[in-house]
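Structure first, commentary second.
The values are calculated or read from the model by the stated rules, or taken from the named source; none is laboratory data. As the structure is a computational prediction, the values presented were derived from the model and not from experiment. For neighbour counting, all protein chains shown are included, and Cβ atoms are generated from backbone atoms with ideal geometry for every residue, glycine included.
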């Protein structure tokens with residue numbers, strides 16, 4: 001995956017910070033978004049992030065994922 005790719009969430013991922021469902025659990029499965037970043041380094045040093053793929057779904061909502069939770073469209 002690279003920045004700008006369109007992706008779909010293929011596994012069940014529960015979040016509590018979705019703007020329209022703030023205090024309750026919300027499943028992101030089957031939502032589509034765009035990859036904003038793939039986190040592999042920080043301040044010039046390599047890192048091993050647990051959730052390295054940052055995806056933006058709309059202007060107000062972003063979430064981090066593992067690569068196996070997403071598929072390219």
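Key figures
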| item | result |
| --- | --- |
| Residue ID - farthest from residue 1 (Cα to Cα), chosen from residues in the stretch 30-50 that are assigned to a strand (DSSP E or B) and touching a strand residue (DSSP E or B) at 6+ places or on another chain (Cβ under 9 Å) | 32 |
| Qualifying residue in the stretch 3-10 (condition: outside any strand (DSSP E or B), at negative phi and modelled with pLDDT under 95) | no |
| Index of the failed condition, residue 59 passing every other in (1) in contact with a strand residue (DSSP E or B) (Cβ under 6 Å, 6 or more places away or on another chain); (2) exposed (fewer than 10 other Cβ atoms within 10 Å of the Cβ) | (1) |
| Enumeration of residues in the stretch 1-16 that are touching a residue at least 60 places away in the same chain (Cβ under 8 Å), surrounded by 15 or more Cβ atoms within 10 Å (Cβ to Cβ) and touching a helix residue (DSSP H, G or I) at 6+ places or on another chain (Cβ under 7 Å) | 1, 9 |
| Residues satisfying the stated conditions in the stretch 17-29, i.e. in contact with a strand residue (DSSP E or B) (Cβ under 7 Å, 6 or more places away or on another chain) and either assigned to a strand (DSSP E or B) or surrounded by 10 or more Cβ atoms within 10 Å (Cβ to Cβ) (or both) | 18, 19, 26, 27, 28, 29 |
